[in-house]
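Scroll down for the structure; my scribbles are underneath it.
Derivation of every value follows stated rules applied to the coordinates shown; laboratory data play no part. Note that this is a predicted model, so its numbers are computed, not measured. Neighbour counts run over all protein chains shown; Cβ positions are idealised from the backbone, glycine included.
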Amino acid sequence: MTIDKTKGIIAKPMPRCWHDRMALHRPDSDDPEELARWELNCRIVADKKPYFMRYIYPQLMRDYNNYINTANEKALSEHRLSIDEMLAMPPEELTEEQRTCLRYYQAKMPVGNHDCVMNRICRKVEAVFGNGIAEPDEPFDYTVMRSNIGYSSYTYYAVERLFKQYLQKLKRFAMDKNNIISTQDDPVDYRASLLAFFVREVALVCNNSFQMADIILDMVYRRNGTKQFAWDMVSHEIIYNLLMSHGGKLSFPRADPDGDIEFMGERYSMTQMEVDADGYYSE
Amino acid sequence: MDIILNERNWMNEALESLSLGKNPYETIGRYARVMHADGVPKDVMERRIEEFLLRCDSRVNLVMWQDAIKRAIAKAGKYPIAEVDGVWVTEGELNTISKIESKMQRKLLFTLVCLAKFKMAVNPDAAGWVNYGYKDICNLANITISSKRRALLINDLYRAGYISLSKRIDNTSIHIDILDDSTPNSLFVSDFRNLGNRYLMHCGEKFFECQSCGIVIHRTANHQTFCKQCAEDRHRQLANEQYKRSIA
């Protein structure tokens, strides 16, 4: 409805009783038909977004997570059992207070978590991926990106000190962006200028770009955190190392009407290209 | 979370030092409430808040702050400002707390009593209810445990009948059932930092109050008078004075 309004489409507004429980008033008369209709409307009122939609709306996700955490804290502090523990118990073993607690837990839930098709799909996806991206079975071997030139520990610690300063400045900028009133610095520009400054500083400590690549890869991949820094700093060296470790052969799909690969209605065939150490290539 | 006992004094200091504090949104909300208590009209409030923001940071983008300022002004009259010097804990309350065996539970209950009394001093309608999160309460009580154990600790006090809980499933407010104003006052609490430590110091354990900032911390040496931060500042100051004397 809001999307239609934004587009300029004049849409007839939904009756409030479709999406607001408070708009459903109990009929004054005792007519069984009216009462039955009212009960039906109470059952089918769409006052909550479904469970899977929390992945679309960040605010809904926050509300849901807050509610779950608060309800768990409350259940533990009142019944010494978490909500999940109570849900796992057979209903006949629950006390009257615990049953009431669970009833209100379901009633106040900010999302509709019924077994509709989309919610079931969502739960299946969650079961596979958990709450985030699934961890790979084997840790990534970053050494394939290194040139194995070797470096001194003095150079490593000098670069690491600069890297820590860079991270600290980024962190402070992120905090300032949230808390402090100034909003004039553009985050992208700031990051780019910070990176340029860092490149100049690192060049004073280590002037061999492949040595620098190895140091940065060791530094970034040995710690939990973003790897973006390595790609910002030494992407050319990483690509070159990967290429050389593959014998200088570069394989890529090329448009070919007789190709054996079909993608989005077009046909492609794999082409190989050899690149030598100086960057000259031949097919 | 910091408990500010006298918001008017705090705000005056902020206006003098041109500081927006840890949370600028909270600060402008507090400024609006102080002005509302003084009967300042809404349009003047808005102008003063904008001036304050500009004085704190001349690069401020006031357009971005309009919603926050308007919200702060609209909510200014909702709650009264806190203007208390401290709270008295009575003998009866301290006796009830001292009957508990677990030190952690005693620290927590003392903190809850102080918070409930503070809430009631600010707004009598609070009627012994504390609506801070469990994490904030435990931080004030100097209790560092997991979230599950925090809730179980509250449950211990609940089952012993010292507190009661809200009936709503999504509300973690706590009502303190042991408030007893009929007995004489015993302990005056004028600083809500490290309330757990303050209680243990009252019980005679090895804690002391920093002579500079007033925070109560664990005593690690016999003649300790300053906390670590204040001691460093004092050493620096003494070294500067000594250096100035030596070159004079």
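In terms of surrounding Cβ atoms within a 10 Å radius of their Cβ, B:Arg55, B:Arg193 rank from fewest to most as B:Arg55, B:Arg193.
Mind checking the angle between helix A:96-108 and chain A's longest principal axis? C-alpha axes, 0 to 90 degrees, to the nearest 10. The helix A:96-108 is inclined about 70 degrees to chain A. Count Lys and Arg as plus one, Asp and Glu as minus one, and take only other residues whose Cβ is under 13 Å from that of A:Arg267; the net charge is then -4. Taking amide H positions as modeled 1.01 Å from N, with prolines and chain starts lacking one, the residues under 5 Å from B:Asn61 and 5 or more places away or on another chain are A:Thr183. Across chain A, where is the longest run that never hits trypsin sites (Lys or Arg not before Pro) in a DSSP loop with at most 15 other C-beta atoms within 10 Å? The longest such stretch corresponds to A:81-221.
Working note: 222 nm ellipticity from helices only, DSSP H runs with n ≥ 4, each -39,500 (n - 2.57), summed and divided by the residues of chain B, gives -16500 deg cm²/dmol to the nearest 500. Semi-axes of the equivalent ellipsoid for the range B:7-74, computed as √(5λ) from the eigenvalues of its C-alpha gyration tensor and ordered from largest down, come to 16, 15, 10 Å.
Near A:Arg80, once Lys and Arg are set to +1 and Asp and Glu to -1 for all other residues with Cβ below 15 Å from its Cβ, the sum equals -2. Residues in the range B:228-245 carry Karplus couplings, in order, of 4, 4, 5, 5, 4, 4, 5, 4, 4, 5, 5, 5, 4, 4, 4, 5, 5, 5 Hz; the curve used is 6.51 cos²θ - 1.76 cosθ + 1.60 with θ = phi - 60°, and Gly or Pro positions show x.
Residues within the reach of a label modelled at B:Ala37 (point 7 angstrom out along Cα to beta-carbon, backbone nitrogen below 15 Å), restricted to the range B:104-120, are B:118-120.
Can you give the local net charge around B:Ser182? Use residues other than it whose beta-carbon is closer than 12 angstrom to its beta-carbon, Lys and Arg +1, Asp and Glu -1. Surrounding charge for B:Ser182 is -4. If one takes the longest principal axis of the Cα atoms in chain A, at what angle in degrees, from 0 to 90 and to the nearest 10, does the Cα axis of helix A:32-44 lie? The helix A:32-44 is inclined about 10 degrees to chain A. Dividing the summed helix terms, -39500 (n - 2.57) for each DSSP H run of n ≥ 4, by the number of residues in chain A produces a 222 nm estimate of -17500 deg cm²/dmol to the nearest 500. If only the Cβ of Lys and Arg carry +1 and only the Cβ of Asp and Glu carry -1, the dipole of the range B:207-247 around its Cα centre is close to 140 debye. Between the C-alpha center of the range B:83-143 and that of the range A:199-261 there is a gap of 58 Å. Distant-in-sequence amide contacts of B:Ser173, defined by a placed amide H-H separation under 5 Å and a gap of 5 or more residues or a different chain, comprise B:Ser166.
With 29 Å as the limit, the listed pairs A:Lys164/B:Lys244; B:Lys117/B:Lys167; A:Lys12/A:Lys48 have A:Lys164/B:Lys244 beyond it between alpha carbons. Check the straight Cα-Cα distances from B:Lys70 and name the lysines below 20 Å, setting aside those fewer than 8 residues away within the same chain. Once the sequence-local lysines are set aside, what remains near B:Lys70 is B:Lys42, B:Lys78. Taking each residue as 0.36 nm, the span from B:Arg236 to B:Ser166 lengthens on full extension beyond its C-alpha to C-alpha distance by 20.2 nm. Note on chain B: with a GNM built from Cα contacts shorter than 10 Å, the maximum mean-square fluctuation among B:Asn185, B:Asn139, B:Asn222 falls on B:Asn222.
Would you please give the FRET efficiency between B:Ile247 and B:Cys213, computed as 1/(1 + (r/R0)^6) with r the Cβ-Cβ distance and R0 = 25 Å, to the nearest 0.05?
My answer for the efficiency is 0.25.
Note that the range B:93-99 has calculated 3J(HN,Hα) couplings of 5, 5, 5, 4, 5, 5, 6 Hz, one per residue in order, obtained from phi through the Karplus relation 6.51 cos²θ - 1.76 cosθ + 1.60 (θ = phi - 60°); glycine and proline are x. Remark on A:Gly112: its backbone amide H falls under 5 Å from those of A:Lys49, A:Tyr51, a criterion applied only to residues 5 or more positions apart or on other chains, H modelled at 1.01 Å from N.
In order along the range A:190-199, phi translates into HN-Hα couplings of 4, 5, 5, 5, 5, 5, 4, 5, 5, 4 Hz, rounded to whole numbers, per the Karplus curve 6.51 cos²θ - 1.76 cosθ + 1.60 with θ = phi - 60° and x for Gly and Pro.
For the Cα atoms of chain A, what angle does the longest principal axis make with the long axis of helix A:209-221, in degrees from 0 to 90, nearest 10? Between helix and principal axis, roughly 30 degrees.
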